[in-house]
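Data block below; observations after.
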């Protein structure tokens, strides 16, 4: 249960900044969230914790990248190998605020969209 808190905090911080952020604990869940849905725009960026992507998950990661066309930002533990199709790798330890700033730099919102999403 504790592993969900960083994901929930990041999602809340991104929504506070104006991003329509969704979270899931697996690539299978991300695939379900990536499907087009009325009232939502396309996925602009996928943020993935390295622990959620084992070698066996690579086909799902490929499908996710194909469906969304979005770059993947990997959050990885310090000192671990990070091979893959990542647009950027952020090393832990990293604060939620630093991660939000990294996402804002990679996927800036238009000025009129910088408001909290309820």
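Which of rounded, prolate, oblate describes region 38-86, given a ≥ b ≥ c as roots of the alpha-carbon gyration tensor eigenvalues and a/c under 1.5 marking rounded, otherwise prolate only if a/b is larger than b/c? Show your work: numbers first, answer last.
Working: a/c = 2.60, a/b = 1.78, b/c = 1.46.
Prolate.
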Q) With each pseudo-label sitting 7 Å past Cα toward Cβ, what's the residue 5-residue 57 distance in nm, one decimal? A) 2.1
Q) Which residues in region 67-102 have a backbone N closer than 19 Å to a point placed 7 Å from the Cα of residue 37 along the Cα-to-Cβ line? A) 67-71
**Q.** Sum of -39500 (n - 2.57) over DSSP H runs of 4+, divided by residues of the chain (222 nm, nearest 500)
**A.** -11500 deg cm²/dmol
Q: Only one of the values (1) 34, 14, 13; (2) 99, 24, 11; (3) 21, 18, 14 was calculated from this structure for semi-axes √(5λ) of the Cα gyration tensor in Å; name its label.
A: (3)
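Coordinate-derived values only; no laboratory data. The structure displayed is predicted, hence computed values, not measured ones. Cβ atoms come from the backbone with ideal geometry, glycine included; neighbour counts cover every protein chain shown.
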